[in-house]
1. Looking only at region 72-121, count every residue that is among the polar types (S, T, N, Q), free of Cβ contacts under 8 Å to residues at least 40 places away in the same chain and in a loop (DSSP other than H, G, I, E, B) and tell me the total.
2. Would you confirm whether or not region 45-62 contains a residue that is more than 12 Å from the chain's Cα centre (by Cα) and not polar (S, T, N, Q)?
3. Condition check: among the charged types (D, E, K, R), surrounded by 18 or more Cβ atoms within 10 Å (Cβ to Cβ) and either assigned to a helix (DSSP H, G or I) or modelled with pLDDT of 95 or more (or both). Does residue 126 satisfy that?
4. Can you tell me which residue within region 10-65, out of those that are assigned to a loop (DSSP other than H, G, I, E, B) and among the hydrophobic types (A, V, I, L, M, F, W, C), is surrounded by the fewest Cβ atoms within 10 Å (Cβ to Cβ)?
5. Before we move on, is residue 72 modelled with pLDDT of 95 or more and crowded, with 21+ Cβ neighbours inside 10 Å?
Amino acid sequence: MSKGASSSSPTTLLTNNTKLDSRLTSNLQSKGLLPAGTDLKDACSGFKNLGQCVAAIHVSHNLNIPFACTKADMTGTAPATGSTCPAGTGSSKLSLGKSIQSLSPNADARTESKNAEKQSDSDIKDAQTES
């Protein structure tokens, strides 16, 4: 995991590093992973670290799962009102792999987690090294 991406909560990290926040937000938006106008700090609130959040964003996009459902499962919080998550979503904190199993049972959870984690690391590294 990249330096700094795991030491503090994503909200704290992005608040303290506005350059990373704006670069990562615009990179994710340009790839169609984050809707325009979405605040990455809000999207990532509740996640253990930034890498985990960005990986969840990738999984949601890659498997066409609503991010609200993935976030609810991984943070152990009820999904946002109006989201179309399966019953029981967010009832306990799940790993990325377990969340994939629960929300997309036909997907290869291990492969999808690994891919999303690689994509996440790459996105964060790119955002940190842009000048």
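The values are calculated or read from the model by the stated rules, or taken from the named source; none is laboratory data. Computed from a predicted model, the values in this text were never measured in an experiment. With ideal geometry, Cβ positions are generated from the backbone for all residues, glycine too; neighbour counts draw on all protein chains shown.
1. Selection size over region 72-121: 9.
2. No, the conditions are met nowhere in region 45-62.
3. On the way: among the charged types (D, E, K, R): yes; surrounded by 18 or more Cβ atoms within 10 Å (Cβ to Cβ): no; either assigned to a helix (DSSP H, G or I) or modelled with pLDDT of 95 or more (or both): yes.
Here the answer is no, as residue 126 does not meet what is asked.
4. Kept after step one, since they are assigned to a loop (DSSP other than H, G, I, E, B), are these residues of region 10-65: 17, 31-39, 45-49, 64-65.
Subset that is among the hydrophobic types (A, V, I, L, M, F, W, C): 33-34, 36, 47, 65.
Values: 33: 18, 34: 21, 36: 9, 47: 19, 65: 21.
Filtering first and then ranking leaves 36.
5. On the way: modelled with pLDDT of 95 or more: yes; crowded, with 21+ Cβ neighbours inside 10 Å: yes.
For residue 72, the condition - modelled with pLDDT of 95 or more and crowded, with 21+ Cβ neighbours inside 10 Å - is met.
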